[in-house]
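Comments concern the structure below.
Every number here is computed from the coordinates shown, using simple stated rules; none is lab data. Fair warning: this is a prediction, and the values are worked out from it, not measured in the lab. As a convention, Cβ positions derive from the backbone with ideal geometry for all residues, glycine included, and neighbour counts pool all protein chains shown.
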Amino acid sequence: MTIKVNDNFAALSKSYLFSEIGRRVREYQEAHPEANIVRMGIGDVTRPLPQCVVNAMKAAADELGKAETFRGYPPEYGYDFLREAISAHYAEMGVEMPADDIFVSDGAKSDCGNFVDVLGDNDIYLPDPVYPVYRDSNVMSGRRITLLPSGRDNDFLPMPDENCGTGVYYLCSPGNPTGAAYSAQQLARWVEFAKKSGSLIIFDAAYEAFITDDCPRSVYLVPGARECAVEICSFSKTAGFTGTRCGYTVVPSELVFDGVHLRDLWARRQATKFNGVSYPVQRAAQAAYSPEGMAACYENIAYYRENAAMLASVLDEKGIYYTGGKNSPYLWLQCPNGMGSWEFFDYLLDKANIVGTPGEGFGKCGEGFFRLTSFSTHELTAEAVRRLREVL
Ligand code: MLT
């Protein structure tokens with residue numbers, strides 16, 4: 001007799017995409033200690049937290065150090081002050097979202113990975129290319145996955161078609177990795193399809209703050225979405241919380257499948273497996289919504305947008321096809337000279353000491369494409385642009 005392990009893990013690639021990239025870059029750096037590597041692989045922010053966010057975190061830590069203001073376990077779904085601030089944020093977008101439907105967490109990645117806990121044996125539909133967390137978490141739990149191919153022909157924005165049945169659909173807009181964003185009309189078609197087929201949309205809005213045009217920043221801007229969609233969002237990219245960790249998931253009370261409220265299951269799951277986000281972090285997230293916090297967050301986003309424009313300019317100059325950049329911190333480009341995406345990864349690392357993310361890591365349809373992030377500093381982005389101009 002022996003313990004049985006979860007053999008679904010055998011179907012995963014050996015390591016998580018960004019861990020594999022980290023490993024390859026470390027090896028390269030060890031072999032080339034003199035190389036001044038510009039990191040544009042994982043989408044990690046570089047701008048510091050807004051000062052009012054830092055102040056709120058410090059003040060909250062001070063409260064925890066005094067007997068009269070000390071707090072223990074946080075409420076498992078988030079403090080009311082933060083759930084209400086998120087609800088007010090939705091109201092500003094024109095969406096009525098009761099605080100009771102909002103569940104605060106330690107980030108969108110965890111929620112994307114954990115949501116499988118409350119879903120039964122459904123068909124899972126994922127865009128290809130896709131953020132690996134949706135795919136890997138469903139592989140781990142042995143779900144049947146159908147991929148929705150995307151490419152230049154549909155601008156990397158797959159739409160429902162005759163191959164789509166009742167199931168769970170993960171959509172990310174603006175998309176990771178492609179940076180492509182769905183228009184209101186396109187999202188309305190998804191919502192209509194989901195309602196007609198009895199499907200659920202899991203909508204990842206982690207990059208909503210980067211939208212510059214009239215693409216919806218929330219799926220709930222589309223009428224009917226409350227009856228068919230969960231939305232997951234994050235403070236990571238909007239407020240610089242990649243290290244601080246805070247996000248939230250919205251599970252509207254209208255989501256009822258087989259007579260069961262999905263919100264009740266998610267509440268039960270979170271209460272059982274999660275002890276909430278620390279008080280200082282939730283105060284910090286609340287401060288990000290203050291007028292001063294929002295102004296600072298959008299200044300940082302504008303900063304990253306300038307980086308994206310710099311990167312886009314060199315791609316334009318070289319006549320290289322790409323998506324993203326406009327509504328997204330990511331630029332998703334076609335590898336030049338027919339190179340494969342890992343081949344281009346090695347080429348760029350070796351010839352320009354630039355790290356990006358090979359498209360194939362996001363799925364088969366990502367082969368031949370490559371992702372660069374605009375989350376670096378202006379100085380390093382300018383340096384990367386100079387090097388790209390030479391090697392592309
Ligand atoms: C990415 O690079 O795709 C993201 O930073 C990963 C994440 O948000 O987990």
Exercise for the section: Along Cα→Cβ, 7 Å out, is where each label goes; now give me the distance between the ones at Met159 and Asp7 in nm to one decimal. Expected result: 4.3 nm
Fill in the blank from the handout: By the Cα gyration tensor axes a ≥ b ≥ c (a/c under 1.5 gives rounded; else a/b larger than b/c gives prolate, otherwise oblate), the shape of region 130-197 is oblate
Handout entry: Listed residues Gly94, Gly324, Gly356, most fluctuating in the chain (Gaussian network, C-alpha, under 10 Å)
Key = Gly94
Handout entry: Simple label model, 7 Å out from Cα along Cβ direction - Ala382 to Glu306, nm
Key = 0.9 nm
Fill in the blank from the handout: Full extension between Val256 and Lys351 adds, at 0.36 nm per residue less the Cα distance, a length in nm of 28.8 nm
Handout entry: Alpha-carbon Rg with Dmax, taken over region 251-305, Å
Key = 17.1, 47
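If region 16-104 were replaced by its equivalent ellipsoid, with semi-axes equal to the square roots of 5 times the Cα gyration tensor eigenvalues, what would those be, largest first, whole Å?
Values: eigenvalues 299, 88, 41 Å².
Square roots of five times the eigenvalues give 39, 21, 14 Å.
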Exercise for the section: Take the Cα coordinates of region 278-353, assign each an equal point scatterer, and use the Debye formula without solvent to give log10 I(q)/I(0) at q = 0.11, 0.20, 0.23 Å⁻¹. Expected result: -0.47, -0.89, -1.05
Problem - For region 113-128, 3J(HN,Hα) per residue [Karplus equation, 6.51 cos²θ - 1.76 cosθ + 1.60, θ = phi - 60°, Hz, x = Gly/Pro] - result: x, 7, 5, 4, 4, 9, 10, x, 7, 9, 6, 10, 10, 10, x, 10
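Looking only at Cα atoms, what is the convex hull volume of region 208-297 per residue, in Å³?
Residue-normalised Cα hull volume stands at 115 Å³.
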Handout entry: Alpha-carbon radius of gyration plus Dmax, which is the widest Cα pair, for region 104-148 in Å
Key = 10.5, 30
Handout entry: Note, ³J(HN,Hα) from phi for region 260-274, Karplus 6.51, -1.76, 1.60, rounded to Hz, x at Gly and Pro
Key = 10, 7, 4, 4, 5, 5, 5, 4, 5, 5, 5, 4, 7, 10, 9
Problem - Extension gain from Tyr16 to Lys196, taking 0.36 nm per residue of separation minus the Cα-Cα distance - result: 61.3 nm
Practice task
Quick one: Debye curve from the alpha-carbon atoms of region 257-392 only, equal weights, vacuum; give me log10 I(q)/I(0) at q = 0.14, 0.16, 0.20 Å⁻¹ to two decimals.
Solution key: -0.78, -0.86, -1.05
Exercise for the section: Taking only the C-alpha atoms, wrap a convex hull around the chain and report its volume per residue in Å³ as a whole number. Expected result: 171 Å³
Fill in the blank from the handout: Whole-Hz Karplus couplings 3J(HN,Hα) for region 86-91, θ = phi - 60° and coefficients 6.51, -1.76, 1.60, Gly and Pro as x, run 5, 4, 5, 4, 4, 4
Exercise for the section: Please build a GNM for the chain, connecting alpha carbons under 10 Å apart, and tell me which residue among Leu265, Leu49, Leu64 fluctuates the most. Expected result: Leu64
Problem - Part-to-part distance (alpha-carbon centres) for region 1-67 and region 248-266, which is given in Å - result: 31 Å
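How high is the FRET efficiency between Glu227 and Asp100 when r is their beta carbon distance and R₀ equals 22 Å, given to the nearest 0.05? Walk me through the numbers on the way to the answer.
Values: r = 17 Å, r/R0 = 0.76.
Efficiency for this residue pair is about 0.85.
Please report the projected area of region 65-164's Cα convex hull averaged over all directions, in nm². Show your work: numbers first, answer last.
On the way: hull surface 40.7 nm².
The Cα convex hull of region 65-164, projected and averaged over all directions, gives 10.2 nm².
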Practice task
List the residues whose amide H sits under 5 Å from the amide H of Ile201, counting only those 5 or more places along or on another chain, with H placed 1.01 Å from N in the peptide plane.
Solution key: Tyr169, Ala229, Val230
Completion exercise
Ranked by GNM mean-square fluctuation in the chain (Cα springs under 10 Å), the top entry among Pro252, Pro223, Pro33 is Pro33
Handout entry: Computed [θ] at 222 nm, deg cm²/dmol, the chain (DSSP H ≥ 4; -39,500 (n - 2.57); rounded to nearest 500)
Key = -12500 deg cm²/dmol
Exercise for the section: Starting with the highest mean, order 76-88, 158-170 by the number of other Cβ atoms within 10 Å, averaged over the residues of each peptide. Expected result: 76-88, 158-170
